[in-house]
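First comes the structure, then the notes that go with it.
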Amino acid sequence: MILVTGATGTVGRALVDQLVEAGARVRAVSRRPAEAGLPAGVEVVGADLGDPVAVAGAMQGIERVFLLSSGPEIPEHDGILAKAAATAGVTRLVKLSSGRTGDDAATDPIPTWHRAGEQAVEASGVPWTIVRPLGFMSNALHWAGSIRDHDTVYAAFGQGRIAVVDPRDIAAVAAVALLGEGHDGRTYTLSGSQPLSPGEQTEILAEVLGRPLHYVEVSPEQARSAILDHGVPAELADAIMALRATALESFTSVVYPTVQDVTGSAPRTFAQWAADHAAAFGQALPGRTSPVS
Ligand SMILES: NC(=O)c1ccc[n+]([C@@H]2O[C@H](COP(=O)([O-])OP(=O)(O)OC[C@H]3O[C@@H](n4cnc5c(N)ncnc54)[C@H](OP(=O)(O)O)[C@@H]3O)[C@@H](O)[C@H]2O)c1
């Protein structure tokens, strides 16, 4: 039985689907199990990763664990998960980390949190694999509202490029690490096949959606306000902005062969991701005029 944390989120949900398809038995963790909406046959348990008793309960009878935690609680939650996994006799732990963690010069919050989480996993004594993706293609869904409303992408750091990766490819690497052999003690940095700036992503989205889109560079302050408007706490908003600023560095535009090497399949392109999520960006309304030309 494989325990999947973060199972209702972007990567975890894709992983659950792939594990079920591979015939694995899956137990999923959610704080709201009744609303998890996971495939039939998946056992869903209610647990908060900050609750050691609930996590220990979820770990009973588990052989392998996918560990996904988020935000400032990453060090604490990874510590709780790693300890519970060791106590329960788990034989394999796969942690979702962040590509930036591998940049020794990175001292901003998100790689710092994940570095502490990785250390907890590595100290647990349970055989581990660390998966460190660069930026997710699905971050483009943050632009869905302004694209639907007026065909415009607002984003900061327009000169920066990130070799964005499809969450389904991240899940595929995690699935191989959970189900296959030879991945213990390995750290996999993942990217897509092409570094893209926000303007270049906008062009690809326009092509896929079949209508013109505009890219408007906003200041980091405006981008931060937009994150806060979505209800994100200030500490996390600052951490996200610090991470986004690193798109201006060369680290984020490195293309890694890892998805192909581990899964045997080439990583999906941003155009493929966009085509599969086109509905989220809406259809052009005839006669509508854009406020930005
Ligand atoms: N976005 C990027 O570009 C990027 C790049 C590299 C790495 N990452 C890393 O990816 C991770 C986020 O992955 P994601 O985008 O797939 O997540 P997500 O879509 O934001 O979903 C978060 C998941 O975590 C669960 N969760 C949150 N707090 C919880 C808690 N206290 N107890 C139990 N479950 C909890 C949620 O489950 P319920 O709500 O059902 O409880 C949900 O399934 C973070 O570690 C981030 O640093 C992101």
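The values are calculated or read from the model by the stated rules, or taken from the named source; none is laboratory data. Keep in mind that this is a model prediction, so the values were computed, not measured. Neighbour counts run over all protein chains shown; Cβ positions are idealised from the backbone, glycine included. Surface accessibility is based on the protein's heavy atoms, side chains included, excluding ligands, DNA and RNA. Shrake-Rupley method; radii C 1.70, N 1.55, O 1.52, S 1.80 Å.
Its Kirkwood hydrodynamic radius, worked out from the mean inverse distance over all distinct Cα pairs, puts region 81-163 at 15.3 Å.
For region 143-271, the average shadow cast by the Cα convex hull is 9.2 nm², which is a quarter of the hull's surface. For region 203-214, 3J(HN,Hα) computed residue by residue from phi via the Karplus equation (6.51, -1.76, 1.60; θ = phi - 60°) reads 4, 5, 4, 4, 5, 5, 7, x, 8, x, 10, 10 Hz, glycine and proline entered as x. Residues 149, 103 ordered from highest to lowest accessible area at a 1.4 Å probe: 149, 103.
Each residue was assigned an accessible area with a 1.4 Å probe, and for residue 250 the value is about 90 Å².
Rank 95, 83 by accessible area, highest first, at a 1.4 Å probe radius?
Ranking 95, 83 by accessible area, largest first, yields 83, 95.
Cα-based values for region 1-49, radius of gyration first and Dmax second, are 9.4, 27 Å. Placing 68, 190 in order of accessible area, with the largest value first and a 1.4 Å probe, yields 68, 190.
With the gyration tensor restricted to C-alpha atoms of the chain, the semi-axes of the equivalent ellipsoid amount to 33, 20, 19 Å, longest first. Computed from label points 7 Å out along Cα-Cβ, the spacing between residue 43 and residue 1 is 0.2 nm.
Against the empirical 2.2 N^0.38 Å (N residues), region 58-111 has a Cα radius of gyration ratio of 1.27. Surface composition of the chain: carbon and sulfur make up 52 percent of the accessible area, probe 1.4 Å. Maximal additional length on extending the residue 278-residue 265 stretch stands at 2.4 nm, based on 0.36 nm per residue less the C-alpha distance.
Structure remark: mean-square fluctuation, Gaussian network model of the chain, C-alpha springs under 10 Å; the largest value among 75, 212, 198 belongs to 212. Max-minus-min Cα coordinates of region 112-205 on each principal axis give 52, 27, 22 Å, with the largest extent listed first. Based on protein heavy atoms only, the chain ends up with 44 Å² per residue of surface accessible to a 1.4 Å probe.
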